[in-house]
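To keep things clear, I will list the structure first and then write my remarks on it.
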Amino acid sequence: IQVAALEHLGEPEKLEQSFEIFSAWRKESGCSPVTEKRSFGVTHSNPEARPVQTFHFDICGEVDADIPANTYGVINKEISAGRYAKLRHNGSLDSIGLKVNAIYRNWLPSTQECKRDAPIFFEYLNVGDEVPDNELITDIYFPLR
């Protein structure tokens with residue numbers, strides 16, 4: 001999936017600020033309209049990792065073409081194709097880590113599957129300021145070999 005991405009590096013607690021920057025880019029550029037294009041988050045590391053400087057998360061919006069250089073720091077990236085296990089999360093993103101941990105600790109060991117060397121990503125199905133946290137719908141994609 002071709003995406004425009006804003007890389008968040010550092011404290012997980014400041015992720016909301018990066019979401020706001022990406023949202024501003026999205027509105028100003030028109031390259032990835034939130035009502036027409038899918039929204040993703042790609043996790044390259046565990047938010048509980050320490051030191052916090054090692055936390056890396058990409059905030060992404062689907063695009064049809066390469067995006068131009070910009071002052072927001074949004075760049076071109078891709079979400080890799082392949083096999084994924086998919087799990088739906090309903091509600092606040094504050095608790096989504098519990099479902100990711102359940103995939104690692106409970107589901108994966110109970111199957112013949114192995115995690116592929118690719119990041120877990122999230123697809124935010126109903127993003128927007130008007131959506132209450134308890135009504136959020138997010139699909140979790142767990143990469144498999």
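The values are calculated or read from the model by the stated rules, or taken from the named source; none is laboratory data. As the structure is a prediction and not an experimental result, all values here were calculated from the model. For neighbour counting, all protein chains shown are included, and Cβ atoms are generated from backbone atoms with ideal geometry for every residue, glycine included. Just so you know, the surface numbers come from the protein's heavy atoms only, side chains and all, with ligands and any DNA or RNA stripped out. Shrake-Rupley method; radii C 1.70, N 1.55, O 1.52, S 1.80 Å.
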- request: Could I have the simple spin-label model distance between residue 90 and residue 111, label points 7 Å from Cα toward Cβ, reported in nm to one decimal?
  value: 2.2 nm
message: Leaving out ligands, DNA and RNA, and with a 1.4 Å probe, what % of the accessible surface on the range 78-129 is carbon or sulfur?
response: 50 percent
field: residue 80-residue 131 pseudo-label distance in nm [points 7 Å out on the Cα-to-Cβ vector]
entry: 2.7 nm
- prompt: What residue among 56, 71, 111 has its Cα farthest toward the positive end of the dipole of the chain, where the charges are +1 on Lys, Arg and -1 on Asp, Glu, each on the Cβ?
  reply: 111
- request: For the chain, restrict the atom set to alpha-carbon positions and state the Rg and Dmax in Å.
  value: 15.2, 46
query: Ranked highest first by the average count of other Cβ atoms within 10 Å around their residues, in what order do 107-115, 62-70, 2-10, 16-24 fall?
result: 2-10, 16-24, 62-70, 107-115
message: For the range 68-112 and the range 1-41, what is the centre-to-centre distance using only Cα atoms, to the nearest Å?
response: 15 Å
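What number, in percent, do you get for the relative contact order of the range 24-145 if the mean sequence gap of Cα pairs under 8 Å and at least 6 apart is divided by its residue count? Please report the intermediate quantities before stating the final value.
On the way: 168 pairs, mean separation 37.3, N = 122.
About 31 percent, as a whole number.
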message: I want to verify a result. In a Gaussian network model of the chain, Cα cutoff 10 Å, which of these has the top mean-square fluctuation: 88, 105, 116?
response: 105
task: Quick one: accessible surface of residue 92, probe radius 1.4 Å, all protein chains present, in square angstrom to the nearest 10.
output: 30 Å²
query: Using the alpha-carbon atoms, what tilt in degrees (0 to 90, nearest 10) does helix 15-29 show relative to the longest principal axis of the chain?
result: 40 degrees
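Rounded to the nearest whole Å², what accessible area per residue is found for the range 1-56 with the 1.4 Å probe? Please report the intermediate quantities before stating the final value.
Values: 3220 Å² over 56 residues.
Normalised by residue count, the accessible surface of the range 1-56 is 58 Å².
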